[in-house]
Amino acid sequence: MKKFLNLLFLGVFTLSTLPGFAADTTVVTAVAVATPVATLSANDKVGPMDLNDVTIAQILDLLQKWTGKTVLRPQALPSNLYTLKLPAGTPRSEALLAIETLLNLNGIAVIQQGERFLKVVPNNVAKSESPSLITESTLSLPASGRVASKIFVLKHANGQEVVTQIASMLNATLATPPVYFGRNNAILVTDSIMNLQKIETLLNQLDRPQLDVVATKMYNLKHAIATDVVTKLTTLLRSPAQTAGAPFRLSTGTTFTADERTNRIILIGSADQHTFFDNLIETLDAIADPNTKTDVIFLRHANATEVATLLTQLITGQTKATTTASGGKSTTGTNRVTTPAANTPAAASAANSGAGQNGADEFSSMTTVLADVRSNSIVVSGTKDDLRLLHELINKVDVVLPQVRVEVVIAEVTLKDDDTSGISALGMNVTNGKLVGVSSTFGGGTLAGNGSAFATLAAGNDLTGIISLSTTPTKSDTRILSVPTITTTHNKEATLFVGESRPVITGTQSTAGTSGLVSSSTVSQRDIGIQLKVLPLIGKDGSVQLQVTQQVEDILGQVTLDGNLQPIIGRRSTDSFVSAMSGEIIVLGGLQRTQSLDDANRLGPIPFLGDLLGSSTKSKTRTELVIFLRPYVLNNSAVDNINALNRINATPIAEEVNKVINPSPAAPVTK
């Protein structure tokens with residue numbers, strides 16, 4: 001009999017197989033309570049086990065075999081089919097945990113009833129079936145799906161808030177929301193052992209005092225200003241997070257205040273935060289360079305006023321672009337830029353080149369730029385980054401601009417009746433304003449050559465020699481008025497004037513005197529002659545674009561004004577824009593003038609009778625001013641001066657000049 005009972009207890013047989021039990025009678029034999037009863041070892045091995053689609057009765061039968069306790073169950077339980085697979089050598093305690101969890105997943109709660117019984121009921125009625133109340137910590141129990149109740153007494157956290165927060169973490173099939181006891185600040189939770197363990201772990205972290213230990217600490221600042229440091233701490237620790245993550249938060253009750261009188265920071269809060277604030281405030285109270293620095297940048301080539309204007313437009317335009325991009329709100333503040341008036345060639349050039357656009361880097365609101373004309377330097381102020389950007393920009397702008405030397409020959413050509421222009425009268429071949437060939441003989445010179453031969457002949461030779469015009473004024477049909485040479489830089493206008501200055505009355509004033517009205521005149525000097533203005537734009541490929549303004553004024557006659565003879569001044573002017581490569585000859589014409597002449601043949605000594613009886617003739621003379629220009633782009637090398645040296649060598653004073661510009665090296669001193 002004893003052997004039979006042992007076999008039955010170990011689960012070898014079921015009661016339904018014994019004599020006297022009906023075949024259709026289901027007897028529940030035992031239930032587990034996380035671990036087997038004392039007579040069974042938790043380390044006993046079970047398995048292997050492979051159950052597929054078994055009924056609840058079979059699962060409960062297995063449960064009571066492994067626990068040695070009787071399972072009590074109602075008639076109606078969820079009629080689900082169960083599948084359970086355990087490998088060989090599985091400890092009995094783990095097998096029991098698997099069964100309880102499997103039942104819980106299928107809406108069945110396991111409740112301990114005393115020492116000998118386990119009760120299984122649907123989850124939705126588990127609460128009313130008085131599950132066991134756990135008074136000790138659940139963390140020492142094996143995790144399982146067995147339903148139990150536990151009271152959590154909160155010391156610091158608000159129980160009502162906790163009930164709301166943990167409601168979503170509980171098993172919804174139990175239909176047992178947490179119960180809050182306001183007087184004790186406690187909550188009653190009924191759920192599986194696993195969920196109770198999770199809630200207990202969470203509350204251990206949250207149920208802490210607002211301040212573990214309230215302590216006050218004073219920080220004496222050595223370098224920084226207390227109010228500035230407090231502002232930075234507020235920005236770092238109390239400002240809302242700028243990203244989607246949660247903001248950084250201090251312990252509740254932590255405050256830090258600036259004492260301006262003593263330049264100290266007063267910290268009140270938990271003592272365990274002191275190390276954090278010690279390190280942070282020490283970092284902020286470090287010796288730091290001033291926010292801004294001032295520097296003087298001396299220019300080598302550029303004009304200080306023009307460079308300052310250029311920088312002004314860049315910084316101002318960048319600030320405007322930044323403000324527009326940020327919806328009308330400036331992110332960098334107002335740049336304080338002080339420069340001379342912007343009405344300069346550099347200002348216009350910067351505006352045309354888009355210097356006001358926003359740069360790749362951004363200047364701060366403390367950037368200041370000032371031009372010192374006396375020393376030709378730029379005084380700048382700003383942050384380190386501002387000064388770095390300004391130095392980089394100024395180094396790129398302060399470069400030697402390309403130069404050009406323009407050789408000029410101004411000639412006056414007397415036109416015949418069949419001549420349409422001075423260029424045709426000289427027999428010149430001009431294409432797009434450039435001289436490409438000549439073939440003619442005329443009074444005052446001989447021209448020869450055409451095409452590539454002419455270009456070869458022209459290269460490196462004197463301009464007057466190329467066009468074979470005598471530089472000495474003659475009575476022939478062509479004469480040279482001037483042969484100047486001007487040198488200027490890129491985008492810098494050069495002016496040439498050939499003529500004379502004459503006094504011209506610009507106003508007359510009458511005053512009363514003892515003998516009547518006395519008149520006095522205001523006289524100023526008036527330049528009358530040929531004025532030539534050249535504005536070059538030099539390309540990197542040696543091309544030169546010239547804006548040429550010509551103005552010719554001469555005396556056509558005289559007129560009497562208020563008893564004074566005044567000259568009648570004729571004016572001829574043109575504006576041209578031509579482009580040529582370095583060394584090409586540009587021809588400008590079209591400034592024609594017509595003069596009428598009266599010639600009388602007198603007869604006899606009496607002028608009146610001689611004119612009356614003699615013959616007279618009237619004639620008209622047409623003249624045209626022709627200007628030859630040859631630009632040479634200078635490369636800052638000895639080649640640039642070859643033409644000038646050749647002209648010097650052709651003069652009587654060549655030897656004396658060469659001694660000055662090319663002195664012989666001093667003889668070595670012998671001891």
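What to note about this one:
- Computed over protein heavy atoms with a 1.4 Å probe, the accessible surface of region 85-189 works out to 49 Å² per residue.
- R0 of 22 Å, Cβ-Cβ distance GLN160-SER137: FRET efficiency to nearest 0.05: 0.40
- For region 484-578, the Kirkwood estimate of hydrodynamic radius, built from reciprocal distances between every pair of different alpha carbons, is 16.6 Å.
- Per DSSP, loop trypsin sites (Lys or Arg not before Pro) in region 101-142 with at most 12 further Cβ within 10 Å: ARG116
- For GLU161, GLU407, GLU392, the ranking by accessible surface with the largest value first comes to GLU161, GLU392, GLU407, using a 1.4 Å probe.
- Taking a point 7 Å from the Cα of VAL504 along the Cα-to-Cβ direction, the residues of region 534-570 with backbone N closer than 20 Å to it are 549-570.
- Mean silhouette area of region 125-190, derived from the convex hull of its C-alpha atoms and averaged over all directions, reads 4.9 nm².
- Inter-label distance for THR231 and ALA215, nm, one decimal - labels placed 7 Å from Cα along Cα-to-Cβ: 3.0 nm
- Modelled FRET efficiency - R0 56 Å, MET169 with SER375, Cβ distances, 0.05 increments: 0.15
- Gained length - ARG116 relative to GLU655, 0.36 nm times residue gap less alpha-carbon distance: 180.4 nm
- Cross-linked pairs LYS222/LYS293; LYS198/LYS232; LYS396/LYS434; LYS320/LYS540; LYS416/LYS492; LYS69/LYS150: Cα-Cα separations exceed 28 Å for LYS198/LYS232; LYS396/LYS434; LYS320/LYS540; LYS416/LYS492.
- What the Cβ-Cβ distance of ALA321 and ASP295 gives, at R0 = 30 Å and to the nearest 0.05, is a FRET efficiency of 0.70.
- Zone of LYS533's modelled label, taken as backbone nitrogen in region 493-512 under 19 Å from a point 7 Å along Cα→Cβ: 493-500
- Gain on full stretching of the segment that runs from THR83 to ASN43 - 0.36 nm per residue minus C-alpha separation: 12.1 nm
The values are calculated or read from the model by the stated rules, or taken from the named source; none is laboratory data. Only a predicted model underlies this, so the values are computations on that prediction, with no experimental measurement involved. For neighbour counting, all protein chains shown are included, and Cβ atoms are generated from backbone atoms with ideal geometry for every residue, glycine included. When the accessible area is computed, the model is the full protein with side chains, heavy atoms only, and any ligands, DNA or RNA have been set aside. Shrake-Rupley method; radii C 1.70, N 1.55, O 1.52, S 1.80 Å.
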